[in-house]
Amino acid sequence: MKRICLLVAALLITTGTASATATTQKWTAGWDDFSEPLNYTTSKVIWSVNTTTRKLSVTFTLRGATHSKLYQVGVHIFCTTFTTTFGQFPAGNGTCTAITRQGITKSLTAVEFGVVTTDIHGNGTFSVVVGPIAPGTYHLEFETRNGAGCGLTGGGSSTDPNICEADFQSPGPTFGDATTIIIP
């Protein structure tokens with residue numbers, strides 16, 4: 001059994017679909033707002049999976065974004081069915097809903113992790129450890145929203161529809177381009 005687990009871990013590392021070492025991805029413009037400023041060269045998402053603990057570590061880094069702003073960060077998981085949680089975070093309402101962005105329709109659930117607060121230069125980071133996550137293969141896009149409070153109790157303004165807009169996506173550049181993460 002131990003040899004099989006080591007073989008699976010080695011396979012995950014060599015295929016690039018899940019990683020015990022950090023994977024760095026660049027941001028691209030989001031699927032809702034293409035005008036939000038960002039230094040795409042230095043901004044990034046860094047993620048890794050600990051296959052032993054079944055935890056996903058993610059660091060969201062924004063450089064040259066709008067200064068002194070809140071950006072909500074999380075993932076959109078492409079699915080047809082889903083549980084009510086992703087690690088310790090609520091996963092939408094436990095259902096997958098079809099939405100259309102950039103002319104593409106996909107079924108998904110959203111998971112909100114936290115907020116990047118930018119400084120006077122538009123720079124900020126947010127790190128989170130998610131898990132343990134139920135074993136499975138997850139096709140997801142990291143996203144940064146235009147404000148904070150989308151889908152959260154007590155957050156944002158219910159009269160401001162813009163807080164749920166995706167300003168940045170990774171991998172992108174098209175809605176539905178996904179990163180595959182495997183949790184053994």
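Per-structure values
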{"read-out": "Residues of region 101-111 satisfying the condition of being in contact with a strand residue (DSSP E or B) (Cβ under 9 Å, 6 or more places away or on another chain) and free of Cβ contacts under 8 Å to residues at least 60 places away in the same chain", "value": "Thr105, Ser107, Leu108, Thr109, Ala110, Val111"}
{"read-out": "Filter result (touching a Pro at 6+ places or on another chain (Cβ under 7 Å), of a type in the set (Ser, Thr, Tyr) and touching a residue at least 24 places away in the same chain (Cβ under 8 Å)) within region 52-100", "value": "Thr53, Thr66"}
{"read-out": "Tally of residues being touching a Leu at 6+ places or on another chain (Cβ under 9 Å), under 22 Å from Lys26 (Cα atoms) and among the hydrophobic types (A, V, I, L, M, F, W, C) across region 93-125", "value": "4"}
{"read-out": "Region 60-82, residues that are outside any strand (DSSP E or B) and within 20 Å of Ala29 (Cα to Cα)", "value": "Arg63, Gly64, Ala65, Thr66, His67, Ser68, Lys69"}
{"read-out": "Test set (1) touching a Ser or Thr at 6+ places or on another chain (Cβ under 9 Å); (2) of a type outside the set (A, V, I, L, M, F, W, C); (3) at pLDDT 95 or above; (4) assigned to a loop (DSSP other than H, G, I, E, B) - Ser19 fails condition number", "value": "(3)"}
{"read-out": "Of residues in region 43-80 being over 18 Å from Arg145 (Cβ atoms) and out of contact with any Ser or Thr (no Cβ under 8 Å at 6 or more places or on another chain), the one surrounded by the fewest Cβ atoms within 10 Å (Cβ to Cβ)", "value": "Thr52"}
{"read-out": "Residue among Val75, Val45, Val58 that is at pLDDT 95 or above, within 16 Å of Gly136 (Cβ to Cβ) and not small (Gly, Ala, Ser)", "value": "Val75"}
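The values are calculated or read from the model by the stated rules, or taken from the named source; none is laboratory data. Note that the structure is a prediction, hence the values are computed from the model and not measured. Counting neighbours? That spans all protein chains shown, and the Cβs are built from the backbone with ideal geometry, glycine included.
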